[in-house]
Structure formats: C-alpha cells, structure tokens
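What follows is a single structure, written as structure tokens, with notes after it.
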Amino acid sequence: MAGKWLELLKETVPGVTRAAVLRDPSLGSGTSQFAAISAVAPSLRVEVNPVNMRDAAEIERGLADFARSPNGGLITVAGAAATRHRDLIVRLAARHKLPAVYYERSFVAAGGLVCYGPDFADQYRRAAGYVDRILKGEKPGDMPVQAPTKYKLAINLKTAKALGLNVPPSLLARADEVIE
C-alpha cells in the first residue's frame, strides 16, 4: 500500500518531482514502507527523501529543510509517532505548502490533503467475528491472519484550495469522502 501513497501524490499533483517520506526509523514498518515507496519512485520520476520523526524538533527541521527546494510533496507513513504528532505534521505541511498524503482519515479531518488507508471500522467488525469464533472454542493459532480488504480514500478540498490545487475529477470520483 505504501507505493500507492506515492501514486496518489503524483496523481493529485502531477508536477511533484520530490517527496519527503516522514517515517519513524526505529520501526521496521517505517523502513519497509520507505523501501516500498522508493521502489515505485523511479517509474513516477519522483525522488524520495526520508525524513525521520523521532520528535517534534526533528520533524520541524526535516520538513523545513526539504521545503527549501521546489516541486515537493509529503507522505506520512503509519506509526505511533505520526499519530502523536499529527497536528504538527498537518500544520507544517500547510506552512510549507507541501501537498501531503496520509495513511489515516484523522489527518485529512485535521486539515491534511489526502489519505488512503484501511477501513478501520471494517477491520473491527471482522475482529469481532474472530472473537466470536474463539469464544466458541476455535484456537487462535489455527485461524489465518487477515489483511485489510477494504480501503478508504478521503480528500480535503479546503486544503487543496489553500494549496492552489485542482484535484483531478477522476480522483474525486474515486473518493469515499470529500471534505469541503
């Protein structure tokens, strides 16, 4: 899914040639998501740059440095640090005029541009089915691990307008939610 975030950034802002990938380097998922984004980048003609987010000061420095050059965008990968610093990340993206793609709707509700990620309500419903099966005697170790099957795309048009962007109609048509 991480590669899809870069595709969405490029589709939303075709002129993007550089992308900062905000990630927690202490998490294996942060490293693997950056690797997945890096693998897609050459085909989209986008240079990707890791920006670590161990604390607020590092996020501020990293994004300020990245934003000094033109044609940049931002991808924030999943992790506790991103959730903890959500408001700061959204605020910095707006300040530096960086179109950004996030993994969770809460970022778009807070003023972020685009998010694409698992439908958490669907995952909770499916988890309840697993709980039911366990309570009926099934062994958790015998049950298959399930990956998300439903994903949601949300777009904040107010943020797009503030960035001077015209979101492509094809992207708006695919959105599960459009915040105006």
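The values are calculated or read from the model by the stated rules, or taken from the named source; none is laboratory data. Quick caveat: nothing in here was measured; it's all calculated off a predicted structure. Using ideal geometry, Cβ is built from the backbone for each residue, glycine included, and neighbour counts are taken over all protein chains shown. Surface accessibility is based on the protein's heavy atoms, side chains included, excluding ligands, DNA and RNA. Shrake-Rupley method; radii C 1.70, N 1.55, O 1.52, S 1.80 Å.
One table, with the values for the structure above:
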quantity: Selection within region 135-161 - in a helix (DSSP H, G or I) and open to solvent by less than 70 Å² (accessible area, probe 1.4 Å); calculated: 157, 159, 160
quantity: So residue 131, is it loosely packed, with under 13 Cβ neighbours inside 10 Å, part of a loop (DSSP other than H, G, I, E, B) and not small (Gly, Ala, Ser); calculated: no
quantity: Yes/no for residue 122 being more than 20 Å from residue 11 (Cβ to Cβ), surrounded by 14 or more Cβ atoms within 10 Å (Cβ to Cβ), among the acidic types (Asp, Glu) and more than 18 Å from the chain's Cα centre (by Cα); calculated: yes
quantity: Criterion (touching a Lys or Arg at 6+ places or on another chain (Cβ under 7 Å) and modelled with pLDDT under 95) met by exactly one of 3, 30; calculated: 30
quantity: Residue within region 57-73 that is among the polar types (S, T, N, Q), open to solvent by 60 Å² or more (accessible area, probe 1.4 Å), without any contact (Cβ under 8 Å) to a residue 60 or more places away in the chain and in a helix (DSSP H, G or I) present; calculated: no
quantity: Residues within region 5-31 that are closer than 11 Å to residue 52 by Cα, in a helix (DSSP H, G or I) and open to solvent by less than 50 Å² (accessible area, probe 1.4 Å), tallied; calculated: 1
quantity: Residues located in region 93-102, provided they are open to solvent by 20 Å² or more (accessible area, probe 1.4 Å) and either of a type in the set (A, V, I, L, M, F, W, C) or at pLDDT below 95 (or both); calculated: 94
quantity: Residue in region 35-52 that is part of a loop (DSSP other than H, G, I, E, B) and in contact with a Phe, Trp or Tyr (Cβ under 6 Å, 6 or more places away or on another chain) present; calculated: no
quantity: Pairs, first open to solvent by 70 Å² or more (accessible area, probe 1.4 Å) in region 32-43, second assigned to a helix (DSSP H, G or I), C-beta under 7 Å, six or more apart; calculated: 39/3
